[in-house]
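The values are calculated or read from the model by the stated rules, or taken from the named source; none is laboratory data. All values derive from a computational prediction rather than experimental measurement. Heads up, the Cβs are rebuilt from the backbone with ideal geometry, glycines too, and the neighbour counts pull from every protein chain shown. In case anyone asks, the SASA skips ligands and DNA or RNA and just uses the protein heavy atoms, side chains included. Shrake-Rupley method; radii C 1.70, N 1.55, O 1.52, S 1.80 Å.
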Amino acid sequence: MNAELLLMFTLSRDRAFLYAHPEYELTVDEADRYQAALSERCRGVPAQYITGHQEFWGMDLIVTSAVLIPRPETEHLVEAVRELITNAVASKEPIPLELRIIDVGTGTGCIALALAREFPRSEIHATDISPAALEIARANSSLHQLASRIQFHQTDLLEGFAENSVDMIVSNPPYVGELEEDQVQLEVRKFEPRNAVFAGPVGTEVIARLVPQAWTVLRPGGWLVMEISGTIVEGVQSLLNDWEEVAIVNDLQSIPRVVAARKPFVTQLRESTYDG
């Protein structure tokens, strides 16, 4: 499949062309470029970094080695957000007509773009600490004519956002522990941005910083929705002890993939949990 994908990339043709023209012979230049692409793939470079593209939520996204490659599993995060908002509307909750949503650690911008498409009346913000990642995210927002819908911020997690100012915070944070590094695919360890994959020794370190920031920034009744893995699910749940309606969503392989938690509408007695 990778060989076919790289051939399509080399020829700038789709799969239908390959199947319809099995007799097609590569030119010398095409053969050289195809061999170069195959050589890169053989040394472990992800196909997405070779072609510069990856699909997410029906969108063709620009991808470089500056950003984490969007995975199909992350679409569960967007689905969870959509379900939460749909259920809130159906139950006639008093939610704002124009939700204010932040995508934390946006990378390619895939989540922010998907949310901007799904909720055209919402105000979408996207943060990343990496200027190179934000450059890719902005390029993708322009590519899909969503640049006017998303505000990008170079910042660490939620720094700079006001208290009680946001309706929903969504994030695919780094959540792999360095202690389990040998279980991660070699091409991920070797080629994808380390700070987008590994959170620290255990894997919950970034989430442990994000949760209290989200508590501060979210309005009462607001939601925090994060991608996680099965290895950290218990640790994440312990970080959300003071939150309400905590729910875990499994992926198609029955692996915990998304956690959603709601900031209580009444929080006066709980604020001391995150002091300091």
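Overview of values
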quantity: Hey, Ala116 surrounded by fewer than 22 Cβ atoms within 10 Å (Cβ to Cβ) and hydrophobic (A, V, I, L, M, F, W, C) or not; calculated: no
quantity: Residues within the range 54-73 that are open to solvent by less than 50 Å² (accessible area, probe 1.4 Å), without any contact (Cβ under 8 Å) to a residue 60 or more places away in the chain and more than 15 Å from Ser141 (Cβ to Cβ), tallied; calculated: 1
quantity: Inter-residue pairs, beta-carbon under 9 Å, first at pLDDT below 50 and surrounded by fewer than 19 Cβ atoms within 10 Å (Cβ to Cβ) and in the range 254-276, second among the acidic types (Asp, Glu) and outside any helix (DSSP H, G or I), 6+ apart; calculated: Arg270/Asp242; Thr273/Asp242; Tyr274/Asp242
quantity: Among residues of the range 161-192, those that are touching a residue at least 40 places away in the same chain (Cβ under 8 Å), over 30 Å from Ile85 (Cβ atoms) and in a loop (DSSP other than H, G, I, E, B), counted; calculated: 1
quantity: Glu163 at pLDDT 95 or above, surrounded by fewer than 16 Cβ atoms within 10 Å (Cβ to Cβ) and closer than 24 Å to Gly235 by Cα; calculated: no
quantity: Total residues in the range 212-238, condition part of a helix (DSSP H, G or I) and either more than 26 Å from Pro72 (Cβ to Cβ) or without any contact (Cβ under 8 Å) to a residue 12 or more places away in the chain (or both); calculated: 7
quantity: Residue identified as in contact (Cβ under 8 Å) with a residue 24 or more places away in the chain and either of a type outside the set (Val, Ile, Thr) or part of a helix (DSSP H, G or I) (or both) among Tyr34, Tyr24; calculated: Tyr34
quantity: Criterion (surrounded by fewer than 20 Cβ atoms within 10 Å (Cβ to Cβ) and in contact with a strand residue (DSSP E or B) (Cβ under 6 Å, 6 or more places away or on another chain)) met by exactly one of Gln183, Gln151, Gln145; calculated: Gln151
quantity: Failed item, numbered, when Met8 is tested on (1) in a loop (DSSP other than H, G, I, E, B); (2) over 23 Å from the mean Cα position of the chain (by Cα); calculated: (1)
quantity: Boolean, Thr51 is open to solvent by less than 50 Å² (accessible area, probe 1.4 Å), more than 21 Å from Ile169 (Cα to Cα) and not acidic (Asp, Glu); calculated: yes
quantity: Number of positions in the range 119-140 that are out of contact with any Phe, Trp or Tyr (no Cβ under 8 Å at 6 or more places or on another chain) and assigned to a helix (DSSP H, G or I); calculated: 7
quantity: First in the range 82-99 and assigned to a loop (DSSP other than H, G, I, E, B), second anywhere and open to solvent by 60 Å² or more (accessible area, probe 1.4 Å), Cβ under 8 Å, 6 or more apart; calculated: Ile95/Val89; Leu97/Arg121; Glu98/Arg121; Glu98/Glu123; Leu99/Arg121; Leu99/Glu123
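So that you can scan it fast, the table gives a plain yes or no per residue for (1) closer than 26 Å to Thr127 by Cα; (2) modelled with pLDDT under 95; (3) over 24 Å from the mean Cα position of the chain (by Cα):
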site	(1), (2), (3)
His21	no, yes, yes
Gly44	no, yes, no
Thr86	yes, yes, no
Gly105	yes, no, no
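Conditions tested, residue by residue: (1) surrounded by 22 or more Cβ atoms within 10 Å (Cβ to Cβ); (2) β-branched (Val, Ile, Thr); (3) in contact with a strand residue (DSSP E or B) (Cβ under 7 Å, 6 or more places away or on another chain).
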| position | (1), (2), (3) |
| --- | --- |
| Lys190 | no, no, no |
| Gly203 | yes, no, yes |
| Ala208 | no, no, no |
| Val217 | yes, yes, yes |
